[in-house]
Amino acid sequence: MNKLRKKAKCLNYVFLTMLMAVSIFQVSCSQTQIEKFTGNLKKAIEAFEEQKEDTEEALKEAEEARMKALKQTIIKYTSSKTQNFIERWREADRETMNLRVRFNGVIKDADFLFAYCEKKSNIIKDRSLKSKMKGFIQKKKNGFASEVKKTHVALIALEEAIIKGNDVIISLEIVGSLKAVGDKFKDLGNIYRTATLKLPETETLIKEGRKLLESDLSTL
């Protein structure tokens, strides 16, 4: 599970690096170059989205498998208080994953909007107005990049806290499993006592059977 989260985090770093490069990119006045740049950016984002979806699907499958195992071995053995805590933690985990998905979506939408603004600004004929609009675009782009960095750092901190918390949850699940093993000790004790009580009765039956066998043999 942690390996999958690290893979997802790595993809986010790649995308963030791409965004930072875009934020300082000065678009040429050639419309052909702008279209080329926008096309390349779109391909990069599509590739990122495809990898991100694969990672999220793997995380989902891992979580479903863990939930299935948990229902089979843990839930019926843990206290209601522990059960409630585990469920609340899982909700916090899901909310964190949703924040990362929303973060990626915001970046993608804003990135296309900036590319659109840059392309439109190149159509302006008035040099003074064109320069003024490009200044506004760059200022907004720099401000957005700053917010992205700040938000990304906050998300990383939250995701790392979730990873630490997952270790606690896993430990609680282990404790629950060990408690279940404790019940199996009781089952073994019951089997032992039953076997011990049955032994004399079984030995008596064996003796009775041997007498019957000897009696039958004597009639041959």
With x for Gly and Pro, the residue-by-residue ³J(HN,Hα) of the range 103-115, computed from phi through the Karplus equation 6.51 cos²θ - 1.76 cosθ + 1.60 at θ = phi - 60° and given in whole Hz, is 4, 4, x, 4, 4, 4, 5, 5, 4, 5, 5, 5, 4
Need the full-extension length gain, K130 to E87, defined as separation in residues times 0.36 nm minus the C-alpha distance. One decimal, nm. 9.9 nm
Just list whichever of K125/K149; K119/K149; K81/K184; K186/K211; K81/K164; K184/K207 have alpha carbons separated by over 29 Å in the model shown. K125/K149; K186/K211; K184/K207
Applied in sequence order to the range 172-179, the curve 6.51 cos²θ - 1.76 cosθ + 1.60 (Karplus, θ = phi - 60°) yields integer Hz couplings, x standing for Gly and Pro, of 4, 5, 5, 4, x, 5, 5, 5
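What net charge do the residues around G143 carry, taking every other residue with its C-beta under 12 Å from that of G143, with Lys and Arg at +1 and Asp and Glu at -1?
Neighbour charge sum, excluding G143 itself: +4.
We did not get these values from a lab; they are worked out from the coordinates using the rules stated. Not measured: the values here are computed from a predicted model. With ideal geometry, Cβ positions are generated from the backbone for all residues, glycine too; neighbour counts draw on all protein chains shown.
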